[in-house]
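The values are calculated or read from the model by the stated rules, or taken from the named source; none is laboratory data. Keep in mind that this is a model prediction, so the values were computed, not measured. Here the Cβ positions follow ideal geometry from the backbone for every residue, glycine too, while neighbour counts run over all protein chains shown.
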């Protein structure tokens, strides 16, 4: 039960951070990606803040034998660039640039009953299941 509560609290904190920094606003993201128009660099500071908090914790936790709520810290085992990774990155980039949403902010935007966010998240979930069908 502690893991579920911690996961929920982490998600709420993440969602609040996205909301406070206006990253749930697709126009904010599109402005960041519009480097030849009216460019808004604020996303750099949001990402930089996330890296400044996460990098030291990641380094500290990866060398621990036992954590408080988990028995180990799992690191990705895949370390090569392959076609699924490239295609996923391309699709993510196209989607992010076209609509200004990525999964975290889109899920956070559901709290505002944003119909566009609801459509995006529904499409994302359908895509998760669709890729499993394609992989088989």
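With 130, 116, 73, 92 as the choices, which residue is surrounded by 11 or more Cβ atoms within 10 Å (Cβ to Cβ), over 18 Å from the mean Cα position of the chain (by Cα), at pLDDT 85 or above and over 21 Å from residue 12 (Cβ atoms)?
Details: 116 fails: over 18 Å from the mean Cα position of the chain (by Cα); 73 fails: at pLDDT 85 or above; 92 fails: over 18 Å from the mean Cα position of the chain (by Cα).
After ruling out the rest, the residue left standing is 130.
For residue 30, state whether it is out of contact with any strand residue (DSSP E or B) (no Cβ under 6 Å at 6 or more places or on another chain) and without any contact (Cβ under 8 Å) to a residue 40 or more places away in the chain. Explain how you work it out, then say what you get.
Details: out of contact with any strand residue (DSSP E or B) (no Cβ under 6 Å at 6 or more places or on another chain): yes; without any contact (Cβ under 8 Å) to a residue 40 or more places away in the chain: no.
For residue 30, the condition - out of contact with any strand residue (DSSP E or B) (no Cβ under 6 Å at 6 or more places or on another chain) and without any contact (Cβ under 8 Å) to a residue 40 or more places away in the chain - is not met.
Taking residue 51, is it at pLDDT 90 or above, outside any loop (DSSP other than H, G, I, E, B) and surrounded by 10 or more Cβ atoms within 10 Å (Cβ to Cβ)?
Working: at pLDDT 90 or above: yes; outside any loop (DSSP other than H, G, I, E, B): yes; surrounded by 10 or more Cβ atoms within 10 Å (Cβ to Cβ): yes.
Considered against the rule, which asks whether it is at pLDDT 90 or above, outside any loop (DSSP other than H, G, I, E, B) and surrounded by 10 or more Cβ atoms within 10 Å (Cβ to Cβ), residue 51 comes out as yes.
Any idea which of (1) surrounded by 11 or more Cβ atoms within 10 Å (Cβ to Cβ); (2) within 19 Å of the chain's Cα centre (by Cα); (3) at pLDDT 85 or above is the one residue 58 doesn't satisfy?
Every condition holds for residue 58 apart from (3).
Restrict the check to segment 66-89 and report whether at least one residue is more than 30 Å from residue 39 (Cβ to Cβ) and in a helix (DSSP H, G or I).
Step one: of segment 66-89, the residues more than 30 Å from residue 39 (Cβ to Cβ) are 66-80, 82-84.
So of that shortlist, the ones also in a helix (DSSP H, G or I) come out as 83-84.
Yes.
When you check residue 38 against the structure, is it closer than 26 Å to residue 24 by Cβ and assigned to a helix (DSSP H, G or I), yes or no? Please lay out each step first, then the result.
Numbers: closer than 26 Å to residue 24 by Cβ: yes; assigned to a helix (DSSP H, G or I): no.
When the stated conditions are applied, residue 38 does not pass them.
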